[in-house]
Amino acid sequence: MKKFALIFLSLMLIVISLASCTKKEEKTLIMATNAAFPPYEFMDGDKIVGIDAEIAEKIAEKLGMKLEIIDTEFNSIISGVQTGKYDIGVAGMTVTEARLKNVNFSDSYATGIQAVIVKEDSTYTSYEDFYTGFDDDGNPTGVVEGIKIGVQETTTGDIYASSDPVDWGFGEENVVRFKNGAEAVQALLTDKVTCVIIDNEPAKSFVGANEGLKILDGAYTEEDYAIAISKEKTELLADINKALAELKADGTLDEIIEKYIPSK
Ligand code: ARG
(Lines give C-alpha, C1' and ligand atoms only; values in the text may rest on other atoms or scores of the structure.)
Protein backbone atom coordinates (compact mmCIF):
# COMPACT_ATOMS: atom_id res chain seq x y z
CA MET A 1 0.00 0.00 0.00
CA LYS A 2 2.81 2.36 0.98
CA LYS A 3 4.66 1.53 -2.23
CA PHE A 4 1.55 2.34 -4.25
CA ALA A 5 1.15 5.69 -2.63
CA LEU A 6 4.77 6.49 -3.33
CA ILE A 7 4.52 5.57 -7.01
CA PHE A 8 1.28 7.49 -7.31
CA LEU A 9 2.84 10.52 -5.67
CA SER A 10 5.90 10.54 -7.92
CA LEU A 11 3.71 10.11 -11.00
CA MET A 12 1.65 13.08 -9.89
CA LEU A 13 4.81 15.11 -9.44
CA ILE A 14 5.99 14.29 -12.95
CA VAL A 15 2.62 15.24 -14.42
CA ILE A 16 2.57 18.51 -12.52
CA SER A 17 6.10 19.48 -13.56
CA LEU A 18 5.42 18.57 -17.19
CA ALA A 19 2.27 20.64 -17.15
CA SER A 20 4.00 23.67 -15.73
CA CYS A 21 6.75 23.28 -18.31
CA THR A 22 4.45 23.34 -21.32
CA LYS A 23 2.50 26.13 -19.74
CA LYS A 24 5.65 28.24 -19.54
CA GLU A 25 6.46 27.46 -23.16
CA GLU A 26 3.02 28.60 -24.23
CA LYS A 27 3.45 31.84 -22.43
CA THR A 28 6.76 32.95 -23.92
CA LEU A 29 7.16 33.89 -27.57
CA ILE A 30 10.81 33.44 -28.42
CA MET A 31 12.01 35.76 -31.16
CA ALA A 32 15.39 35.41 -32.81
CA THR A 33 17.05 38.38 -34.43
CA ASN A 34 20.46 39.77 -35.33
CA ALA A 35 20.69 43.06 -33.51
CA ALA A 36 23.19 44.94 -35.67
CA PHE A 37 20.63 46.13 -38.18
CA PRO A 38 19.33 49.57 -37.20
CA PRO A 39 16.59 50.80 -37.22
CA TYR A 40 14.98 47.33 -37.33
CA GLU A 41 17.04 45.90 -34.47
CA PHE A 42 19.99 47.26 -32.55
CA MET A 43 21.40 47.41 -29.07
CA ASP A 44 20.48 50.23 -26.73
CA GLY A 45 22.77 49.45 -23.81
CA ASP A 46 22.02 45.79 -23.20
CA LYS A 47 18.49 46.01 -24.56
CA ILE A 48 17.48 45.02 -28.09
CA VAL A 49 15.31 47.76 -29.56
CA GLY A 50 14.01 48.80 -32.97
CA ILE A 51 11.08 48.40 -35.33
CA ASP A 52 11.09 44.59 -35.25
CA ALA A 53 11.39 44.43 -31.47
CA GLU A 54 8.43 46.77 -31.05
CA ILE A 55 6.25 45.04 -33.63
CA ALA A 56 6.99 41.67 -32.01
CA GLU A 57 6.20 43.13 -28.60
CA LYS A 58 2.77 44.24 -29.84
CA ILE A 59 2.12 40.88 -31.46
CA ALA A 60 3.08 39.01 -28.29
CA GLU A 61 0.74 41.28 -26.34
CA LYS A 62 -2.12 40.39 -28.68
CA LEU A 63 -1.35 36.69 -28.35
CA GLY A 64 -1.28 37.00 -24.59
CA MET A 65 2.36 35.95 -24.52
CA LYS A 66 5.56 37.32 -23.09
CA LEU A 67 8.18 38.24 -25.67
CA GLU A 68 11.75 37.08 -25.26
CA ILE A 69 14.28 38.35 -27.81
CA ILE A 70 17.43 36.41 -28.57
CA ASP A 71 20.32 37.98 -30.44
CA THR A 72 22.04 35.49 -32.70
CA GLU A 73 23.83 35.29 -36.03
CA PHE A 74 21.57 36.12 -38.97
CA ASN A 75 22.76 32.88 -40.45
CA SER A 76 21.23 30.72 -37.73
CA ILE A 77 17.80 32.34 -37.47
CA ILE A 78 16.03 30.24 -40.11
CA SER A 79 17.48 26.94 -38.91
CA GLY A 80 16.63 27.82 -35.30
CA VAL A 81 13.05 28.58 -36.29
CA GLN A 82 12.91 25.30 -38.21
CA THR A 83 14.08 23.22 -35.24
CA GLY A 84 11.77 25.03 -32.83
CA LYS A 85 14.59 26.67 -30.86
CA TYR A 86 12.88 29.98 -31.67
CA ASP A 87 9.20 30.57 -32.34
CA ILE A 88 9.74 33.41 -34.75
CA GLY A 89 12.52 35.10 -36.67
CA VAL A 90 12.09 38.85 -36.95
CA ALA A 91 15.16 40.42 -38.47
CA GLY A 92 14.24 42.67 -41.37
CA MET A 93 14.15 39.35 -43.13
CA THR A 94 13.34 39.30 -46.81
CA VAL A 95 10.90 36.74 -48.14
CA THR A 96 12.74 34.63 -50.72
CA GLU A 97 11.85 31.46 -52.61
CA ALA A 98 14.79 29.63 -51.07
CA ARG A 99 13.82 30.54 -47.50
CA LEU A 100 10.18 29.60 -48.18
CA LYS A 101 11.39 26.05 -48.69
CA ASN A 102 12.41 25.94 -45.03
CA VAL A 103 10.00 28.21 -43.16
CA ASN A 104 6.70 29.99 -43.57
CA PHE A 105 6.55 33.76 -43.69
CA SER A 106 3.85 35.98 -42.22
CA ASP A 107 2.28 38.71 -44.31
CA SER A 108 4.79 41.42 -45.08
CA TYR A 109 5.10 44.30 -42.61
CA ALA A 110 7.69 46.46 -44.42
CA THR A 111 9.67 46.76 -47.62
CA GLY A 112 13.39 47.10 -48.11
CA ILE A 113 15.71 48.11 -50.90
CA GLN A 114 19.27 46.95 -51.24
CA ALA A 115 21.50 50.03 -51.21
CA VAL A 116 25.17 50.51 -51.98
CA ILE A 117 27.35 52.40 -49.47
CA VAL A 118 30.74 53.80 -50.55
CA LYS A 119 33.27 56.19 -49.04
CA GLU A 120 32.32 59.83 -49.60
CA ASP A 121 35.36 60.40 -51.84
CA SER A 122 34.61 57.34 -53.98
CA THR A 123 34.81 57.89 -57.75
CA TYR A 124 31.94 55.46 -58.29
CA THR A 125 28.57 57.10 -58.83
CA SER A 126 26.45 53.97 -59.35
CA TYR A 127 26.94 50.23 -58.89
CA GLU A 128 26.83 50.03 -62.67
CA ASP A 129 30.30 51.62 -62.58
CA PHE A 130 31.57 48.39 -60.97
CA TYR A 131 31.10 46.62 -64.31
CA THR A 132 33.53 46.69 -67.22
CA GLY A 133 30.87 46.53 -69.90
CA PHE A 134 27.43 45.38 -70.98
CA ASP A 135 26.21 42.96 -73.67
CA ASP A 136 23.58 43.67 -76.33
CA ASP A 137 20.81 42.84 -73.86
CA GLY A 138 22.24 45.39 -71.46
CA ASN A 139 23.52 42.78 -69.00
CA PRO A 140 26.94 43.22 -67.38
CA THR A 141 29.78 41.24 -68.90
CA GLY A 142 32.51 41.66 -66.29
CA VAL A 143 33.56 43.30 -63.04
CA VAL A 144 36.21 46.01 -62.70
CA GLU A 145 39.48 44.53 -61.44
CA GLY A 146 39.94 44.85 -57.70
CA ILE A 147 36.35 45.61 -56.75
CA LYS A 148 35.50 44.12 -53.36
CA ILE A 149 31.83 44.01 -52.37
CA GLY A 150 31.22 43.87 -48.61
CA VAL A 151 28.06 42.08 -47.45
CA GLN A 152 26.54 40.52 -44.37
CA GLU A 153 26.80 36.77 -44.86
CA THR A 154 23.74 34.89 -46.13
CA THR A 155 21.62 38.03 -46.48
CA THR A 156 19.90 38.83 -49.75
CA GLY A 157 22.67 41.41 -50.36
CA ASP A 158 25.15 38.52 -50.20
CA ILE A 159 23.04 36.27 -52.41
CA TYR A 160 22.59 38.91 -55.15
CA ALA A 161 26.16 40.20 -55.01
CA SER A 162 27.59 36.66 -55.21
CA SER A 163 25.71 35.79 -58.37
CA ASP A 164 27.40 36.16 -61.74
CA PRO A 165 27.71 39.52 -63.49
CA VAL A 166 25.23 38.43 -66.17
CA ASP A 167 22.65 38.21 -63.31
CA TRP A 168 23.76 41.61 -62.00
CA GLY A 169 25.95 40.07 -59.35
CA PHE A 170 29.69 40.64 -58.96
CA GLY A 171 30.86 37.03 -58.77
CA GLU A 172 31.62 34.99 -55.66
CA GLU A 173 35.34 35.90 -55.86
CA ASN A 174 34.65 39.63 -55.50
CA VAL A 175 32.42 39.35 -52.44
CA VAL A 176 33.71 39.68 -48.87
CA ARG A 177 31.36 38.33 -46.20
CA PHE A 178 31.00 39.71 -42.68
CA LYS A 179 29.10 38.45 -39.64
CA ASN A 180 26.95 41.58 -39.57
CA GLY A 181 26.37 44.89 -41.29
CA ALA A 182 28.32 46.89 -38.73
CA GLU A 183 31.45 44.82 -39.38
CA ALA A 184 31.04 45.25 -43.13
CA VAL A 185 30.82 49.03 -42.64
CA GLN A 186 33.96 49.00 -40.47
CA ALA A 187 35.78 47.25 -43.31
CA LEU A 188 34.60 49.94 -45.73
CA LEU A 189 35.82 52.69 -43.41
CA THR A 190 39.26 51.08 -43.36
CA ASP A 191 39.29 50.56 -47.16
CA LYS A 192 39.18 46.79 -46.99
CA VAL A 193 36.17 46.76 -49.34
CA THR A 194 35.01 49.07 -52.15
CA CYS A 195 31.40 49.22 -51.02
CA VAL A 196 28.84 47.59 -48.77
CA ILE A 197 25.55 46.30 -50.14
CA ILE A 198 22.91 46.32 -47.44
CA ASP A 199 19.23 47.20 -46.93
CA ASN A 200 18.52 50.92 -47.34
CA GLU A 201 17.37 51.83 -43.83
CA PRO A 202 20.35 50.20 -42.11
CA ALA A 203 22.48 51.83 -44.84
CA LYS A 204 21.10 55.26 -43.86
CA SER A 205 21.70 54.52 -40.18
CA PHE A 206 25.30 53.49 -40.79
CA VAL A 207 25.96 56.50 -43.01
CA GLY A 208 24.42 58.76 -40.37
CA ALA A 209 26.50 57.26 -37.59
CA ASN A 210 29.86 57.31 -39.41
CA GLU A 211 31.75 60.18 -41.02
CA GLY A 212 32.80 59.90 -44.63
CA LEU A 213 30.23 57.54 -46.11
CA LYS A 214 27.50 57.97 -48.71
CA ILE A 215 24.83 55.93 -50.45
CA LEU A 216 24.98 55.62 -54.24
CA ASP A 217 21.91 56.58 -56.25
CA GLY A 218 19.75 53.83 -57.64
CA ALA A 219 18.04 50.88 -55.96
CA TYR A 220 19.74 47.55 -56.38
CA THR A 221 16.63 45.46 -55.59
CA GLU A 222 13.33 45.76 -53.79
CA GLU A 223 12.09 43.23 -51.28
CA ASP A 224 9.43 42.42 -48.67
CA TYR A 225 10.17 41.88 -44.99
CA ALA A 226 8.17 39.30 -43.04
CA ILE A 227 8.28 37.16 -39.91
CA ALA A 228 9.69 33.64 -40.25
CA ILE A 229 7.72 30.88 -38.52
CA SER A 230 8.15 27.10 -38.48
CA LYS A 231 6.11 25.30 -41.14
CA GLU A 232 4.69 23.18 -38.34
CA LYS A 233 3.27 26.13 -36.41
CA THR A 234 0.42 26.98 -38.74
CA GLU A 235 -1.77 28.17 -35.90
CA LEU A 236 0.88 30.61 -34.76
CA LEU A 237 1.21 31.83 -38.36
CA ALA A 238 -2.53 32.53 -38.53
CA ASP A 239 -2.50 34.27 -35.13
CA ILE A 240 0.44 36.43 -36.11
CA ASN A 241 -1.14 37.41 -39.42
CA LYS A 242 -4.31 38.35 -37.56
CA ALA A 243 -2.34 40.43 -35.06
CA LEU A 244 -0.37 42.08 -37.88
CA ALA A 245 -3.56 42.95 -39.75
CA GLU A 246 -4.94 44.61 -36.61
CA LEU A 247 -1.70 46.52 -36.03
CA LYS A 248 -1.81 47.73 -39.65
CA ALA A 249 -5.49 48.68 -39.46
CA ASP A 250 -5.27 50.68 -36.24
CA GLY A 251 -2.14 52.56 -37.26
CA THR A 252 0.18 50.99 -34.67
CA LEU A 253 2.51 49.60 -37.32
CA ASP A 254 2.84 52.99 -39.05
CA GLU A 255 3.44 54.63 -35.68
CA ILE A 256 6.30 52.25 -34.86
CA ILE A 257 7.89 52.73 -38.27
CA GLU A 258 7.46 56.52 -38.06
CA LYS A 259 9.18 56.52 -34.67
CA TYR A 260 12.34 54.98 -36.12
CA ILE A 261 12.11 56.29 -39.71
CA PRO A 262 10.58 59.78 -39.43
CA SER A 263 8.97 60.70 -42.73
CA LYS A 264 10.24 64.25 -42.40
N1 ARG B 1 16.83 41.86 -45.71
C2 ARG B 1 18.05 41.13 -45.74
C3 ARG B 1 17.80 39.64 -45.76
O4 ARG B 1 16.77 39.19 -45.45
C5 ARG B 1 18.99 41.47 -44.61
C6 ARG B 1 18.46 41.24 -43.25
C7 ARG B 1 19.51 41.34 -42.17
N8 ARG B 1 18.91 41.44 -40.90
C9 ARG B 1 19.55 41.53 -39.71
N10 ARG B 1 18.85 41.66 -38.63
N11 ARG B 1 20.84 41.51 -39.65
O12 ARG B 1 18.67 38.89 -46.09
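The values are calculated or read from the model by the stated rules, or taken from the named source; none is laboratory data. This structure is a prediction, so every number in the text was calculated from the model and none was measured. So basically every Cβ, Gly included, is an ideal-geometry build from the backbone, and we count neighbours across all protein chains shown. Remember, those area values only see protein heavy atoms, side chains included, never the ligands or the DNA or RNA. Shrake-Rupley method; radii C 1.70, N 1.55, O 1.52, S 1.80 Å.
Data table
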{"quantity": "Rg and Dmax of the chain, Cα atoms only, in Å", "calculated": "22.4, 91"}
{"quantity": "Accessible surface of the chain [probe 1.4 Å, protein heavy atoms]: carbon and sulfur percent", "calculated": "54"}
{"quantity": "Helix axis angle, 51-63 relative to the chain longest principal axis, alpha carbon, degrees", "calculated": "20"}
{"quantity": "In Hz, Karplus ³J(HN,Hα) per residue of region 28-41 (6.51, -1.76, 1.60; θ = phi - 60°; x = Gly, Pro)", "calculated": "9, 9, 8, 10, 9, 8, 10, 7, 10, 9, x, x, 6, 7"}
{"quantity": "Ranked packing of 138-150, 221-233, most packed first, by mean Cβ within 10 Å", "calculated": "221-233, 138-150"}
{"quantity": "Cβ-derived FRET efficiency at R0 45 Å, Glu255 paired with Asp191, nearest 0.05", "calculated": "0.65"}
{"quantity": "Residue-count net charge about Lys101 - beta-carbon cut-off 15 Å; Lys, Arg +1, Asp, Glu -1", "calculated": "0"}
{"quantity": "5 angstrom amide H check on Asp199, placed H, neighbours 5+ away", "calculated": "Ala115"}
{"quantity": "In region 88-195, lysine pairs closer than 21 Å at Cα, eight or more apart or cross-chain", "calculated": "6"}
{"quantity": "Helix 200-209 axis, angle to the chain major axis (alpha carbon atoms, nearest 10°)", "calculated": "80"}
{"quantity": "Estimated dipole of region 112-228 in Debye, rounded to 20 [Cβ of Lys and Arg +1, of Asp and Glu -1, Cα centre]", "calculated": "580"}
{"quantity": "Kirkwood Rh, Cα atoms: Rg over Rh of region 114-198", "calculated": "0.95"}
{"quantity": "Hits among lysines - C-alpha to C-alpha of Lys58 under 17 Å, sequence gap 8 or more where chains match", "calculated": "Lys27, Lys47, Lys66, Lys242, Lys248, Lys259"}
{"quantity": "Solvent-accessible surface (1.4 angstrom probe) belonging to Asp129, in square angstrom, nearest 10", "calculated": "60"}
{"quantity": "Top of Ala115, Ala203, Ala245 by mean-square fluctuation, Gaussian network on the chain, Cα under 10 Å", "calculated": "Ala245"}
